[in-house]
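Below is one structure, written out as structure tokens, with a few remarks after it.
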Amino acid sequence: MDVGGRGYREVMPRTIFYTATTLNGFLADDADSLSWLFAVPGGEGGDDSFQRFLSDIGALVQGSTTYEWVLAHEKLVEDPEKWPEYYGARPTFVFTSRTLPQVPGADVRFVSGSVVDAWPAIVDAAGGKDIWVVGGGDLAGQFADAGLLDELLVTIAPATLESGRPLLPRRLEWPRLKLEKVRQVGQFAELTYSVHPAEG
Ligand SMILES: NC(=O)c1ccc[n+]([C@@H]2O[C@H](COP(=O)([O-])OP(=O)(O)OC[C@H]3O[C@@H](n4cnc5c(N)ncnc54)[C@H](OP(=O)(O)O)[C@@H]3O)[C@@H](O)[C@H]2O)c1
């Protein structure tokens, strides 16, 4: 179902917060575990629609918890050749106030402070393609606060949690959020929302 139909996919480049979430809006549990996601058939990702999404992406943005999770999950400092399986050769901007390990050979750039200040370098690195905000939710919120988030693309897993890392801890209401597309992907509900700047 395409309830928007304004073809905004043609507008490039866009900044997209693309993530899996529980039905009640958590990206991870309190221990940063994704076991609720990996338990679902297809939950490990990497399917055709993800590859299509990735082909339009020029650069990625993520917070330090997300980066450290990927490092630990895949032991990337010891085994850096797995990084391209995740993100290819795309530049990845990691927001952190700390000094974090670099994945050998990967184009990981550590940044800190305002997303507005980092924005020109991110756009430049994306080379005219879309920007993927991988997470977490507050970092996506920082882009939304700055009017730099264009799309929220969520795949909702058949799972709920008592608590965890929030999907998007901001108050965004219609018409700032507009439902553009609804799709079933196996056990997941994929929802696409366009995100609009606050008025005034
Ligand atoms: N379900 C999914 O598909 C999915 C997708 C993405 C993430 N996740 C998971 O969700 C969880 C998200 O964790 P999280 O909520 O803690 O978010 P996060 O964005 O990954 O990490 C937050 C941290 O990033 C740093 N940071 C954020 N903004 C910054 C800024 N402007 N300047 C400098 N540093 C900044 C801060 O840490 P420091 O300054 O201390 O470094 C902050 O505590 C993780 O477990 C991740 O693995 C799941």
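The values are calculated or read from the model by the stated rules, or taken from the named source; none is laboratory data. Every value quoted in this text rests on a predicted model; they were computed, and no experiment measured them. Every residue, glycine among them, receives a Cβ derived from its backbone with ideal geometry; neighbour counts consider all protein chains shown. The accessibility values were calculated without ligands, DNA or RNA, using every heavy atom of the protein model including side chains. Shrake-Rupley method; radii C 1.70, N 1.55, O 1.52, S 1.80 Å.
What to note about this one:
- In segment 147-199, of all residues being within 18 Å of the chain's Cα centre (by Cα) and among the aromatic types (Phe, Trp, Tyr), the one that is most open to solvent (accessible area, probe 1.4 Å) corresponds to TYR193.
- Scanning segment 22-52 for residues that are open to solvent by 50 Å² or more (accessible area, probe 1.4 Å), among the hydrophobic types (A, V, I, L, M, F, W, C) and touching a residue at least 60 places away in the same chain (Cβ under 8 Å) yields LEU23, ALA39.
Each row is one residue, and each column tells you yes or no for (1) more than 17 Å from the chain's Cα centre (by Cα); (2) assigned to a strand (DSSP E or B).
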{"residue": "TYR18", "(1), (2)": "no, yes"}
{"residue": "ASP30", "(1), (2)": "yes, no"}
{"residue": "SER33", "(1), (2)": "no, no"}
{"residue": "TRP36", "(1), (2)": "yes, no"}
{"residue": "GLY45", "(1), (2)": "no, no"}
{"residue": "PHE53", "(1), (2)": "no, no"}
{"residue": "VAL61", "(1), (2)": "no, yes"}
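- Among (1) touching a residue at least 24 places away in the same chain (Cβ under 8 Å); (2) in a strand (DSSP E or B); (3) over 18 Å from PRO166 (Cα atoms) - the single one VAL133 does not satisfy: (3)
- VAL77 being among the β-branched types (Val, Ile, Thr), farther than 25 Å from ARG170 by Cα and either without any contact (Cβ under 8 Å) to a residue 40 or more places away in the chain or not in a loop (DSSP other than H, G, I, E, B) (or both): yes
- Residue within segment 174-184 that is among the polar types (S, T, N, Q), out of contact with any Leu (no Cβ under 6 Å at 6 or more places or on another chain) and assigned to a loop (DSSP other than H, G, I, E, B) present: no
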